[in-house]
Amino acid sequence: MTAPAQCLAPDESLVAAARMFSKYDVGSMPVVDGDTLVGVLTDRDIVINAVAKGLDVATATVAEAASDTVVTVDVEDSAEQVAQVLGEHQIRRVPVVENGKVVGVISQADVARDLDNATAGEVVEEISKD
């Protein structure tokens, strides 16, 4: 798990979000309003939900492009449980919450390090399905 999680605020501009992605070398970040997780923004969201729709990324906000459907795992979940969530939802990263607050992010690479090779391969295959 990468902790603490770098998060975005809903009212930040998409340009500011892209700069954060670049700074931390990530392709997604949780979106929090205060301490409440309200969404996830990915680099793909910026392209599909903003650029392709003609929004001005300098003035459009994270809230306008972010997904408000958020899948999370609990800080106490095992690598196997996290792997199942990643595979079921075909996602590569998932916010980790503790008592409702974002405390980190787990990637498929993080999970793969804790699983045997066969299980890790199954997770990657499930995530990558069309």
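Structural remarks
- Rg to Rh quotient for the range 14-127, alpha carbon positions, Kirkwood Rh: 1.00
- The gain in end-to-end length when the residue 48 to residue 19 segment is fully stretched comes to 8.7 nm, 0.36 nm per residue minus the alpha carbon separation.
- Kirkwood Rh and Cα Rg combined as Rg/Rh, the range 41-98: 1.11
- Remark on residue 38: its backbone amide H falls under 5 Å from those of 31, 32, 33, a criterion applied only to residues 5 or more positions apart or on other chains, H modelled at 1.01 Å from N.
- Here the chain is scanned for trypsin sites (Lys or Arg not before Pro) in DSSP loops (not H, G, I, E, B) that have at most 12 other Cβ atoms within 10 Å, and the longest stretch holding none of them is 54-128.
- Within the shell of other residues whose beta carbon sits under 13 angstrom from the beta carbon of residue 55, the net charge comes to -2, with Lys and Arg scored +1 and Asp and Glu -1.
- At most 10 other Cβ within 10 Å, DSSP loop - GluC sites (Glu not before Pro), the range 22-105: 76
- Structure-based [θ]222 nm, the chain - -39500 (n - 2.57) summed over DSSP H runs of at least 4, per residue, nearest 500: -10000 deg cm²/dmol
- For the range 92-101, Karplus couplings with θ = phi - 60° (6.51, -1.76, 1.60), whole Hz, Gly/Pro x: 9, 9, 9, x, 9, 10, 9, 6, x, 10
A short reminder: the numbers here are calculations on the coordinates, not readings from a lab. No experiment lies behind these values; they were computed from the predicted model shown. Backbone-built Cβ (ideal geometry, glycine too); neighbour counts: all protein chains shown.
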